[in-house]
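Below is one structure, written out as structure tokens, with a few remarks after it.
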Amino acid sequence: MRYELYYWPSSQGRGEYVRLALEEAGAEYVDVARRRGGEDRMIRLMEGRAIKTPPFAPPYLRAGNLWIAQTANILLYLGGRHGLAPRDEGGRLWAHQLQLAIADLVHELHNTHHPISVNLNHVDQIPESRRFAADFTRHRIPKFLGYFERALQSNRAGRGEHLIGARTSYPDLSLFQTVAALRFGFPNAMRRIERECPRVAALHDRVAGRPRISAYLESERRLPFIADAGVFRHYGYLDAK
Ligand SMILES: N[C@@H](CCC(=O)N[C@@H](CS)C(=O)NCC(=O)O)C(=O)O
């Protein structure tokens, strides 16, 4: 089956979590909105009545007759189909739980540049962004990454190298992407924070070196991080000194 991924065409954003899973799985997919007329199609489908289970926002995925939205939900589906999650119920739920924690972190990360409203431009909420980001870098990144560090540490089967079991699962890929985004957005803060979570930092580098992922990262399919667009931004004044 050829999947259809629908996500905004010019930034990695939350679509990247889905792309990484598709790439690691070696799955065939089309990044619809990056094709001519694709973004309009994505919006029309989202706002129209053709999909019985309509998405609220991208990313969303078409898998045959299924239309699936919400990043963690898409990954729940792909993880099960492509061996990127445990088969047993407890393991599947653990993977989903980790992914939802990443979704929470991404939401807060997004709020560093849009703390008042997604509807306003960043420039209209800079003082609030400064305040939000100072707390985010000081308390929230360490708390989230500390959680993932403990998860890595206590997974004996993974020898500290995998979040779940003894092999790569989609939360590993998602943690890689999140660390990459945090390094881009908050390089000063992350230099300090990563000293306290060496397993998380090492997981990032190991995932980046996986054959399919490294080929993807080198390809044109991987969009660059953009300083002032999308979810994963960088404003020097929001990074800890
Ligand atoms: N919880 C959703 C969030 C989806 C989301 O916020 N998508 C963004 C792009 S990354 C968007 O286009 N939002 C439009 C909106 O919220 O109006 C998920 O994880 O997929």
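Only the coordinates and a few stated rules stand behind these numbers; no lab work does. Since we're looking at a predicted model, the values are computed, not measured. Don't worry about glycine lacking a Cβ; one is built from the backbone with ideal geometry, like all the others, and counts go over all protein chains shown.
Among the trypsin sites (Lys or Arg not before Pro) in the range 150-190, which ones are in a DSSP loop with at most 13 other Cβ atoms within 10 Å of the Cβ? Mind listing them?
Listed in order of number, the matching sites are Arg159, Arg167.
What do you get for Rg/Rh of the range 26-151 when both radii come from the Cα atoms and Rh is the Kirkwood radius? Display every interim value, and only then the final one.
Numbers: Rg = 17.8 Å, Rh = 17.2 Å.
Rg/Rh: 1.03.
Just flag the GluC sites (Glu not before Pro) in the range 124-224 sitting in loop per DSSP whose Cβ has no more than 10 other Cβ atoms within 10 Å. It would help to have the intermediate numbers written out before the result.
On the way: sites: Glu128, Glu149, Glu161, Glu194, Glu196, Glu218, Glu220; in loops: Glu161, Glu196, Glu220.
Passing both the DSSP loop test and the Cβ count: Glu220.
Could you work out [θ]222 nm for the chain from helices alone, using -39500 (n - 2.57) per DSSP H run of at least four and dividing by all its residues? Round to the nearest 500 deg cm²/dmol. Kindly include the intermediate steps, with their values, before the conclusion.
Details: 10 runs with 122 residues, N = 241.
Helices in the chain give a 222 nm mean residue ellipticity of -16000 deg cm²/dmol.
Please list the three semi-axes, largest first and in whole Å, of the ellipsoid equivalent to the chain, using sqrt of 5 times the eigenvalues of its alpha carbon gyration tensor.
Working through the eigenvalues yields semi-axes of 27, 25, 16 Å.
I'd like the distance separating the alpha-carbon centroids of the range 56-100 and the range 131-160, in whole Å.
Cα centroid to Cα centroid, the span is 22 Å.
Hey, got a sec? Which chymotrypsin sites (Phe, Trp or Tyr not before Pro) in the range 1-89 land in a DSSP loop and have at most 11 other Cβ atoms within 10 Å? Working shown, then result.
Working: sites: Tyr3, Tyr6, Tyr7, Tyr17, Tyr29, Phe56, Tyr60, Trp67, Tyr77; in loops: Tyr7, Phe56.
Those satisfying the criteria are Phe56.
For the chain, give the share of DSSP beta bridges that are antiparallel, in percent and rounded to the nearest 5; count only bridges with both residues there. Can you show the working numbers first?
Details: 7 of 10 bridges.
Antiparallel bridges: around 70 percent, rounded to the nearest 5.
Which distance in nm do the two modelled labels at Met1 and Val30 give, with both placed 7 Å along the Cα-to-Cβ direction?
About 1.6 nm separates the two model spin labels.
Hey, rough spin-label estimate for Asp124 and Arg212, points 7 angstrom out along Cα→Cβ, what's it come to in nanometres?
My value for the distance between the label points is 4.2 nm.
Does the range 89-151 come out rounded, prolate or oblate, given a ≥ b ≥ c as the square roots of the eigenvalues of its C-alpha gyration tensor, rounded meaning a/c under 1.5 and, failing that, prolate meaning a/b above b/c?
Values: a/c = 6.03, a/b = 1.97, b/c = 3.06.
It comes out oblate by the Cα gyration axes.
If I model a spin label as a point 7 Å beyond the Cα along the Cα-Cβ vector, how far apart are those points for Asp228 and His139 in nm?
It is 3.0 nm.
Can you say what percent of the DSSP beta bridges in the range 3-81, counting only those with both residues inside, are antiparallel? Round to 5. Display every interim value, and only then the final one.
On the way: 7 of 10 bridges.
Expressed as a percentage, antiparallel bridges in the range 3-81 total about 70.
Counting Lys and Arg as +1 and Asp and Glu as -1, what is the net charge of the other residues whose Cβ lies under 14 Å from the Cβ of Arg34? Each step should come with its number before you reach the end.
Details: positive: Arg19, Arg35, Arg36, Arg41, Arg221, Arg222; negative: Glu4, Glu16, Asp31, Glu39, Asp40, Glu220.
That sum, taken over residues with Cβ under 14 Å, equals 0.
Within the set of other residues whose C-beta is less than 10 Å from the C-beta of Asp172, count the net charge using Lys and Arg as +1 and Asp and Glu as -1. Please report the intermediate quantities before stating the final value.
Values: positive: Arg167, Arg206, Arg210; negative: Glu24, Glu161.
Neighbourhood net charge equals +1.
Among residues other than Arg62 whose Cβ falls under 10 Å from its Cβ, what is the net charge (Lys/Arg +1, Asp/Glu -1)?
Working: positive: Arg2; negative: Glu4.
That works out to 0.
Fewest first, what order do Ile102, Ile226, Ile74 take by the number of other Cβ atoms within 10 Å? Don't jump to the answer; show the numbers that get you there.
On the way: Ile102 23, Ile226 15, Ile74 26.
The fewest-first ordering by Cβ neighbours comes to Ile226, Ile102, Ile74.
Given just the C-alpha atoms of the range 88-210, how large is their convex hull per residue in cubic angstrom? Walk me through the intermediate numbers first.
Details: hull volume 13.1 nm³, N = 123.
Enclosed volume per residue, from the Cα hull, is 106 Å³.
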